[in-house]
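Take a look at the structure set out below.
The values are calculated or read from the model by the stated rules, or taken from the named source; none is laboratory data. The shown structure was predicted, so the numbers you read here are calculated from the model rather than taken from an experiment. Heads up, the Cβs are rebuilt from the backbone with ideal geometry, glycines too, and the neighbour counts pull from every protein chain shown.
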Amino acid sequence: MLWFNIFVNAEIENLDERYLQVIEQQFEDCSHQNGICYWLDTDLMRMLGYEDMVTFKKVIIKAMNACTTLGEDPAEDFIQYKHVDEYEISGSYKLSRFACLLIAQNADVSKIQVKTAQYMLARMADVLLQKQDFERLEARTELTRGEKEMSGVAKSHGIGKGKYDYANFKDAGYKGMYNMSLKQLEKYKGFVKKNGVVLYDRMSTTELAANLFRVTQTSEHIKKNNIHGQSNLEEAAARIGRKVRKTMETVPEDIPLEPSEIKDVKRLGKGAKRNMNKIDNPSSKKKK
């Protein structure tokens, strides 16, 4: 396959419109029609410069996780389909155009084929989505899960039942990690709460990951040491917060907030899928 071969020594920003049209045509020529428009994972693997399916499947799994965090059902875009191609390589999926975009965004950007595919597919989607957007969304989703688990652990270990008892427990974790309460942190970062948006929704991937580590380690610390009671649980949360703070290169309160909210990232992702579906189902355009 000659996929992107003429661009191996080129830089993306130097590709002109003629060459991009050639790339897009090569991509379209690899598609299949059988009630739906799809690409085989074995073909896309070679298009993106990967040599073996074992490595490429890891990228597919990341893309499927990204699909889930966008609130979409991966089964719609990653259709299970066992097959063996002409090179005797076994594949597992039929991929929608949107799935190809997600895979490209989660692939190895050091490959010129990947860079080119990212640019081409983002242009088709008419939406600028980058790998770090998906990473941030995934980190925010994992943090939500982590906090739910921490809440359950705290309740099973005797957190108080008063109106502010769990809030005080959470705040102890913030005080340990940030040297300030949540309200103080919001003011320090210039964050104004509105429309249900919380501070986590504006944090960077780095800061979200640090908080995820804090809440998961707090849960483990409580369980491992069998800590019970409101004051003891608050001290445990603060202790873990302080430990996380010590491991960080930059004090967390000084990490800048992202200009966009998490819901904006989800909206862009859903918009990308909608726009790509219109390419393969032009009748949906007319209906609207």
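Would you call VAL197 buried (at least 19 other Cβ atoms within 10 Å of the Cβ), on the phi < 0 side of the Ramachandran plot, in contact (Cβ under 8 Å) with a residue 40 or more places away in the chain and of a type outside the set (Phe, Trp, Tyr)? Considered against the rule, which asks whether it is buried (at least 19 other Cβ atoms within 10 Å of the Cβ), on the phi < 0 side of the Ramachandran plot, in contact (Cβ under 8 Å) with a residue 40 or more places away in the chain and of a type outside the set (Phe, Trp, Tyr), VAL197 comes out as no. Looking at region 228-253, I want the residues that are within 13 Å of GLU207 (Cβ to Cβ) and have a partner that is basic (Lys, Arg) and loosely packed, with under 14 Cβ neighbours inside 10 Å with Cβ atoms under 7 Å, at least 6 apart or on another chain. Which pairs are those? From region 228-253, no pairs qualify. Looking across region 68-115, just one residue is part of a loop (DSSP other than H, G, I, E, B) and among the aromatic types (Phe, Trp, Tyr), and that is TYR87. For region 184-197, the tally of residues that are under 18 Å from ASN168 (Cα atoms) and modelled with pLDDT under 95 stands at 0. Being in contact with an Asp or Glu (Cβ under 9 Å, 6 or more places away or on another chain) and not in a loop (DSSP other than H, G, I, E, B) is the requirement here; does ALA167 meet it? No; evaluated as a whole, the condition is false for this residue. Within region 167-215, the set of residues being touching a Ser or Thr at 6+ places or on another chain (Cβ under 7 Å) and either among the aromatic types (Phe, Trp, Tyr) or outside the structural domain of VAL251 (by TED's automatic domain parsing) (or both) comprises just one member, TYR174. I'm trying to understand the selection: among the residues of region 136-158, which are at pLDDT 95 or above and buried (at least 16 other Cβ atoms within 10 Å of the Cβ)? Once the filter is applied, which keeps residues that are at pLDDT 95 or above and buried (at least 16 other Cβ atoms within 10 Å of the Cβ), region 136-158 yields LEU143, GLY146, GLU147, MET150, SER151, VAL153, ALA154, HIS157.
Residue check: is PRO259 modelled with pLDDT of 95 or more and closer than 25 Å to ALA139 by Cβ? Criteria not met by PRO259. On the stretch given as region 217-245, residues that are of a type in the set (Val, Ile, Thr), closer than 11 Å to HIS157 by Cα and in a helix (DSSP H, G or I) total 1. Summed over region 228-263, the residues that are of a type in the set (Val, Ile, Thr) and surrounded by fewer than 14 Cβ atoms within 10 Å (Cβ to Cβ) give a count of 3.
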